[in-house]
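Shown next, in structure tokens, is the structure this report addresses.
The values are calculated or read from the model by the stated rules, or taken from the named source; none is laboratory data. A quick note: this is a predicted structure, and the numbers were derived from the prediction, not measured. Please note: Cβ atoms are built from the backbone with ideal geometry, for glycine as well, and neighbour counts cover all protein chains shown. Calculation scope for accessible area: heavy atoms of the full protein, side chains included, ligands and nucleic acids excluded. Shrake-Rupley method; radii C 1.70, N 1.55, O 1.52, S 1.80 Å.
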Amino acid sequence: FRLSTSLVGLLSGICLIVGTMIGSGIFISPKSVLLYSGAVGPCLLIWTACGVLSTLGALCYAELGTMITKSGGEYPYLMEAFGSIVAYLYSWTTIMVLKPSSFAIITLSFAEYASTPFYPGCSPPLIVTKCLAAAAILVITSINCLSVKLASYVQNFFTAAKLLIILVIVVAGIVMLAQGKTENFSNSFDGTTTSFGAIGLAFYNGLWAYDGWNQLNFITEELKNPFRNLPLAIVIGIPLVTVCYVLVNVAYFTVMTTTELLLSPAVAVTFGDRVLYPASWIVPLFVVFSTFGSANGSCFTAGRLVYASGREGHMVKILSYINVKRYTPAPALIFNGVLAIFYTIPADINTLINYFSFAQWFFYGLTALALIVMRFTRKNLDRPVKIPVVLAGIMVLVSCYLVLAPIIDKPELEYLYCTIFIFSGLILYYPFVYRKVNWGRKIMRPITMHLQLLMDVAPPEKTE
């Protein structure tokens with residue numbers, strides 16, 4: 001059995017990139033970027049620079065994705081360039097922490113926006129938002145287990161919805177500018193921060209809103225004509241998101257001073273209350289749509305990494321099995337969903353993401369380095385897309401800065417704990433992946449068989 005092929009076309013590919021990138025970030029992150037950058041001017045420059053950086057990274061991934069047409073994001077590229085251990089540590093960190101915690105954060109944002117109207121004048125109780133987030137995870141995981149086509153339609157619909165609300169905000173901002181609301185743009189560089197670490201943190205928060213630029217590489221095997229559609233979707237999707245983000249921020253600053261923006265609990269909702277009243281209710285409604293669509297995209301791609309890792313023997317084999325009727329990686333999707341529900345339980349999940357962001361950028365940098373390494377070690381591989389190697393070099397340097405700047409500026413033990421967690425994966429790697437101990441197989445064989453019958457799944461085809 002193999003995954004459904006050729007179900008994701010160019011439009012669906014663009015919608016996956018745009019739909020996953022535009023989550024709740026643009027409606028919340030402007031506060032954090034402004035807080036660390038210190039003024040309107042550098043804030044807008046950082047949003048633009050984050051877009052350029054995401055495009056650079058995605059161009060590197062376009063070369064890698066058309067050269068090695070396997071699903072699983074960075075995983076097959078790290079495997080090809082650096083071997084099994086590096087790829088395993090990437091899959092261990094991403095599958096166990098980065099993907100499910102990101103899924104949990106997006107659904108928690110969805111739950112917060114969805115439940116706020118029912119609690120006027122106060123914040124919704126934590127138990128309500130957490131139960132609603134868990135329900136959203138169950139619904140999204142079920143959609144993705146049922147059909148690739150259905151998940152793709154859901155993604156396209158919610159991407160159209162979020163582009164509509166962004167258009168509304170941008171047009172409202174242009175109208176405000178035309179009316180002469182430009183006072184927040186005068187002296188826009190006053191108060192700019194000069195701290196090495198603060199600029200790094202401003203980039204972190206901006207790039208968190210841009211995260212998702214590599215999503216299409218997770219589903220390469222399910223793309224129609226990946227050699228054409230992968231680079232095209234990247235070149236159309238990411239500049240589109242960059243333009244949207246910068247224009248939305250300009251719109252925010254037409255009606256809010258820097259202080260008001262920093263004090264606002266939800267920037268987009270405050271904007272809606274001031275500009276779109278009495279129709280201001282459409283902003284929180286469309287933010288709910290936006291976060292739901294982003295969570296769907298996150299779930300869609302996370303399942304493919306778990307599947308690819310299980311197929312290579314880096315995770316238990318059952319995770320690489322495919323539903324015999326629906327051709328979806330159901331065990332991988334369910335595993336990711338269960339972990340995400342666990343991540344909705346702790347109170348300060350955002351702290352977790354801050355500390356693990358450095359791990360995310362470490363792997364982005366390593367993947368760009370993989371491109372450079374394979375220019376020398378895999379010269380014979382066909383490269384339908386070939387970018388200047390300088391771009392990959394810039395990506396490596398920027399990744400090093402983003403990994404090291406916050407640690408140098410404000411060293412904290414949490415970074416050490418994250419590093420220990422990443423390398424703790426080797427404790428499982430040696431006996432179960434490298435040595436393939438017999439007792440491990442004896443334990444897993446009956447479990448795999450029962451789960452296979454329960455979920456109606458079968459092993460995938462062997463890939464080259």
What is the spin-label model distance, in nm, from residue 373 to residue 421 if the labels are put 7 Å beyond Cα along the C-beta direction? 2.4
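Residue separation times 0.36 nm, minus the C-alpha to C-alpha distance between residue 235 and residue 430: what's the value?
Numbers: separation 195, 0.36 × 195 = 70.20 nm, distance 4.08 nm.
Gain on extension, residue 235 to residue 430, equals 66.1 nm.
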Would you calculate the separation in nanometres between label points at residue 224 and residue 157, each defined as 7 Å from the Cα along the Cα-to-beta-carbon direction? 2.1
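Could you please state how large a percent of the accessible area of the range 10-458 is carbon and sulfur, counting protein chains only and using a 1.4 Å probe? Don't skip to the answer; put the middle values down first.
Numbers: 12820 of 18330 Å².
The nonpolar share, carbon plus sulfur, comes to 70 percent.
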Assign unit charges at the C-beta atoms only (+1 for Lys and Arg, -1 for Asp and Glu), then state the dipole size of the range 10-458 relative to its Cα centre in Debye, rounded to the nearest 20. 1560
Take each of the peptides 137-149, 214-226, average the number of other beta-carbon atoms within 10 Å over its residues, and list them starting from the highest. 214-226, 137-149
Relative to the longest principal axis of the C-alpha atoms of the chain, give the angle of the C-alpha long axis of helix 330-343, reported between 0 and 90° and rounded to the nearest 10°. 50
What nm value, rounded to one decimal, do you get for the distance between residue 243 and residue 413 when each label is placed 7 Å out toward the C-beta? 5.0
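When only Cα pairs under 8 Å and 6 or more residues apart are kept, what is the percent relative contact order across the chain?
On the way: 732 pairs, mean separation 155.3, N = 464.
In percent, rounded to a whole number, it is 33.
Per DSSP H run of at least 4 residues, take -39500 (n - 2.57); add these up for the chain, divide by its residues and hand me the 222 nm value, nearest 500 deg cm²/dmol.
Numbers: 19 runs with 328 residues, N = 464.
Rounded to the nearest 500, the figure is -24000 deg cm²/dmol.
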For the pair residue 186 and residue 276, what calculated FRET efficiency results from E = 1/(1 + (r/R0)^6), where r is the Cβ-Cβ distance and R0 = 41 Å, to the nearest 0.05? 0.95
Any idea how far the Cα center of the range 286-321 sits from the one of the range 197-221, in Å? 17
